[in-house]
Amino acid sequence: MRQAITALFLAFILLALPISESAQQQPEQTQQPPQQPQPPPPNQQDTQQSQTTIRVPVNVVDVLATVLNRRNKLVPDLDKADFKLLDDNVPQDIRFFSRQSDIPLRIGLLLDTSNSIRDRIKFEQDAAVNFLYTVLRRGKDQAFAMTFDDEPQMVQGFTGDTGLLRDQIIKTRAGGGTAVYDAIYDACAKHLSNPPRPAGDQPDIVRRVMILISDGEDNLSDHTKSEAVEMAQRTGVVIYTISTSIQWVTTTAEKDCRATGTCKYHLTDGDKILQDLAEETGGRSFFPYHVDDLDQSFQDIGDELRNQYQITYNPSNFVPNGKYHRIKLEVPKFNGYQIRARRGYYARPNGISPTAAPTTTPPAATPAPKPAGTSPPK
């Protein structure tokens, strides 16, 4: 009997051991309660709301100005307070002012290769090459060469290699009609609107320049002169023109003034167009008799482009109705000083800024950096 009880007791102990082990392991197998989703960061909603873009029309006019004293010498040390700016004769507050010097140049060289200048093609080639060797600085400035007759044609893209540009320029041949305005429009919209930026860590600021060598007689363009000038102003391009016309009136005073390149006594209709293109964009026009007459003029152009004032303002009288606004810039304290700057702009609707963004490419139809405006119809 005692043996039976002992056997039952041992059997009970053996059966109880697995139950004890299971009970000890149970806490380890207990599942954690499901985690609650963490609340979003307190500023997440604000961040999402801040990503909403609010477009506000910005009407900013940018004016580049060159100031010369009575001796036609550059004046590089004026201050903001020295300038007075009027928009359609309404005084304006200058919002931004800076002196700009030694800025890299981006130059578009446009050569007329139509039939009308066939006898002057050698003059054009020599003038273009002389300009490049006088103004272009290796490692800093770049230029492209474009010819135009029936239509514009790029013969050499942006480069700082004057030898490469020269080789393409001397290959040009004359023939066909003349599409001056299309060439200006195309060069500004497709090339000068977004030129190569400076190398390295230099500031992303360049000066856009066009040198137009032509007789100014357009007979094939799809674009008008106003459209061409407006495109130049919208993309911040200053146009310098060189006339190939040799319809001169000889006078005894001619010998004394040839060196200036501006002493022509009889301007043809084409000359007047070239003059207007330059003055509307803040540039200069030259009427040389010989290519050698341009040597000093080219040096002056280079100096001018690297010593300018940038003046920006919000027109207080701006209404986006397409109306042409005249810009008048003065330095009242200094009698006899000359100022070269754009003449005006068109107040475009739909919030299109009248100035071009210097580093952005404008659409082909309604371009931009960065100025806007064109000469009013005559």
* ALA199 paired with LYS328, simple spin-label distance in nm, labels 7 Å along Cα-to-beta-carbon -> 4.7
* Structure fact -> Per the 1/(1 + (r/R0)^6) rule, R0 = 30 Å and r from the Cβ atoms of PHE97 and GLN338, FRET efficiency to 0.05 is 0.95
* Spin-label point model (7 Å from Cα, Cβ direction): what's the GLN310 to LYS171 distance in nm? -> 3.6
* Structure fact -> For the table LYS190/LYS328; LYS73/LYS122; LYS140/LYS328; LYS80/LYS328; LYS80/LYS225, the rows whose alpha-carbon distance is greater than 22 Å are LYS190/LYS328; LYS73/LYS122; LYS140/LYS328; LYS80/LYS225
* Asked: Peptides 215-223, 227-235: what's the order by average Cβ count within 10 Å, highest mean first?
  -> 227-235, 215-223
* Structure fact -> For SER285, the residues 5 or more places away or on another chain with a placed amide H closer than 5 Å to its own amide H are THR241
* When only C-alpha pairs under 8 Å and at least 6 residues apart count, what is the relative contact order of segment 101-310, in percent? -> 24
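Readers should treat all values here as calculations from the given coordinates under stated rules, not as data from a laboratory. Predicted model, so just to flag it, every value in this text is computed and none were measured. Glycine gets a Cβ as well: all are built from the backbone with ideal geometry, and neighbour counts include every protein chain shown.
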